[in-house]
Structures are given as C-alpha cells and as structure tokens.
1. Among the listed pairs LYS50/LYS320; LYS287/LYS339; LYS104/LYS320, which are separated by more than 18 Å between their Cα atoms?
2. Counting only protein heavy atoms, what percent of the accessible surface of the range 1-118 is carbon or sulfur at a 1.4 Å probe?
3. With the other protein chains left in place, how much accessible area per residue, in square angstrom, belongs to the range 158-269 at a 1.4 angstrom probe?
4. Between SER96 and ILE114, with labels modelled 7 Å along Cα→Cβ, what's the label distance in nm to one decimal, could you check?
5. Counting pairs of alpha carbon atoms under 8 Å apart in space and at least six apart in sequence, what relative contact order in percent does the range 63-170 give?
6. Grab the beta carbon distance between ASN25 and PHE66, set R0 = 35 Å, and tell me the FRET efficiency rounded to 0.05.
7. Amide H to amide H under 5 Å from MET182: which residues, 5+ apart in sequence or cross-chain, H placed 1.01 Å off N in plane?
8. Counting alpha carbon pairs within less than 8 Å and at least 6 residues apart, what relative contact order, in whole percent, applies to the chain?
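The values are calculated or read from the model by the stated rules, or taken from the named source; none is laboratory data. All of these numbers come straight from a predicted model, not from anything done at the bench. Please note: Cβ atoms are built from the backbone with ideal geometry, for glycine as well, and neighbour counts cover all protein chains shown. Calculation scope for accessible area: heavy atoms of the full protein, side chains included, ligands and nucleic acids excluded. Shrake-Rupley method; radii C 1.70, N 1.55, O 1.52, S 1.80 Å.
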Amino acid sequence: NHMEGRVTDIGPRHYWQFFPPVIQNNYGKWAYHEILEPGVLVHVSETGDKAFTVRCGGMRFMTVEFLRELCDIADRFADGYVRFTTRNNIEFIVDSLEKVEALKAELAKHTFAIGGSLKFPVGGTGAGVTNIVHTQGFIHCHTAAVDASSMVKALMDGLFEHFTSMDLPAQVRVSMACCLNMCGAVHCSDIALLGYHRKPPAIDHEVLHKICEIPLAIASCPTAAISPGKTEDGLKTVKIKVERCMFCGNCYTMCPALPLADGQGDCVVMMAGGKVSNRISPPTFSKVIIPYLPNNHPRFPEVVEATKQVLNAYAADARKYERIGDWAARIGWEKFFEKCNLPFTEHLIDDYRLAYDTYRTSTQFKY
Ligand code: SF4
Ligand code: SF4
C-alpha cells in the first residue's frame, strides 16, 4: 500500500488516492500507448487493461463555476476523476471506449454563453498545437511587460484548428511569458512569445527612500547597474547605469519605487526552435526570430499573424516528425528566415558567452 509509512497530515494528500482504479491496478505495468484520435489516448497494460485519456484544452485561470461544472462532468462520466497536465490541459481517464464516447458527447454540449465556443474542446495531442502554457500577466504579477491571458486567448483563437487536429509535421509547443524572468518555458518551446521591457526602471526618488531597502535593491541587479545615490535635497536613493540595464525587472521585485512598465517601450519578442524532448535530436534552446512586435492589447493582431506565418511555413516545408527547430537546422537558419518571410538583423545574433548554439557559432550563416 502506497499510503503506508506516511507519518504526516501536513501538505497535499498522497497522490496514490487520486489515481483512477485502472491506473492503480496497472501501476508500473504499462506496455505501450497510442493516440486514437486528436485528444484521445489509450495506454495498454501487460494485464490487458486499457486506460483511455480524453484531453481537453483548459485555461490558466478558471472560475469556481467552471471548476464545479468540470467536477460535475467528472462525477457523472469519469467515475469522479479529473486531472490537470503541466500545460493546463484537463484530462479525464476512463477504462472503456464506451465511457470515452459518452464523455465526448457530454463535453460537446458545454459551450460558453457568450460566443458559443466549446468550453472543453478535445485535442492537444500528437502532431498539432498543444495547449499554450503562459504566465500570470497583469492579473497577478508586477513585472509583466504584456498581458498573458488575453494574448494566449487571441493566439489560440487563431491556431485552434491545429489543436483539434493533428495536421502538422510534429508537435508544436507554443509558450508565452510576460517578462524575461520567464516562468513560462519560452526558452525551450517550438514557438515562444515573450513580453519585453525596453526601458530601464524609472526612479521615484520621493518614494524610494521611504519604502525600499537600498542595499537590497542594489544587490538584486544581476548586471550591477544600480549604485547608491543622493538627490539634490540629500535624500538617499539609487542611480542606474542605463547602458548596463537589461530591463529584467529584478530590482522592481525588491523595490516598488523602480517600476519599468512603459506603454511605448514594452513589446513582444518571438522565439522559435526550442524543445525539451530528446526524440530524434537533443533538446535545444529557442532563438529570437522577431525582436519586436507591438504590444497591441487585447487581441495582438501582429503577434497572431506572425505566429501563423511561421507555423504555415513550417507546415508546408517540414518533414514528418520534424519539430520546428529540427526543420530550421536541416534547411539552415538563413532559409528558415527566407521561408518564414522574416528579416534577419544583427540584433538577432546572440553574444552570450556560454551559448553554444547561437547563430554566431555557425560559420555557415551567410547573412
Ligand atoms: Fe511575472 Fe515575468 Fe512570470 Fe510574467 S513571466 S508572471 S511578469 S515573473
Ligand atoms: Fe538591474 Fe534588471 Fe533593474 Fe535593470 S531592470 S537595473 S538590469 S535589476
């Protein structure tokens, strides 16, 4: 019994009790799995048992009403079990194909009152666009250069057909982070959108000396751009060496008198070609492919258009099983820019000393 020896009731309950019986009974005995159709997987056990997974798109922020509706579906059609993946997908696991069909029919009945779109669209598996992982955005975080939820909603509206089908050469993992602190996996995604500040923090001298620990603000800067200073009136404050600042917002986390959000300066950066999987080729970091897209809330038309542009070029040209980075590496990054109809500029060359895989490390790069 996996509960044995558990001596504390502090913290989350043991995961074992949340497993559906078919998972508990076949733990460690899975022989293989297949994707039966977009959003439906089957795992087959050595014992002959089968676990069917129905995956639906979910969102990062869910209301209590939405969760109640979800739990009600799980109670009635999935023996009370539901789980969330790290990409915010909702997954039901059932033990027969009949239950899969009944569940799918029920899910198709749930639509949003406004707009009528599906609340629980089934998909997100295999050679398609996965659910988009994103960060908190303005709703929860102070360093955001761009809102996350609204961009991801606009993006997914544009890419939705690739979520419910598997019509691409391979999986395309799209991620979005609203600042370069990047709690959103943009460093290793096929297509990644990053909110980016382009101006150093403004210094509110009047407030700073009242609410900030000056040594802490200085220590928080990874590039040592901040040093102690004094205003003309003799108030203790800080100075920022602008040419050293990389607009990361770390100082703002420590000192609210150093805000760096700026309507004009903030923008969206697009990266591509990263992945964490070691299938076919090793994991790779994403590279910057578009240094600036306007921060056009709430529907971000330029971001959606540019994402489609890259996705369409990839869909038309890549071989089966090739991720975006594999495709770019095979045809050469020069050709990648050509085929995606994107300009290459010197701003895209990464000079970071420990980056082993940048445009600059390739003598073959001809721009
Ligand atoms: Fe905050 Fe940056 Fe994370 Fe967005 S990516 S939630 S702004 S730390
Ligand atoms: Fe330093 Fe980052 Fe603040 Fe710039 S934004 S001063 S790099 S901590």
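1. Over 18 Å apart, Cα to Cα: LYS50/LYS320; LYS104/LYS320.
2. For the range 1-118, the apolar C and S fraction of the accessible surface comes to 55 percent.
3. 46
4. Output for this residue pair reads 4.2 nm.
5. Across the range 63-170, relative contact order equals 20 percent.
6. The computed FRET efficiency comes out at 0.65.
7. For MET182, no residues qualify.
8. Normalised by residue count, the contact order of the chain is 12 percent.
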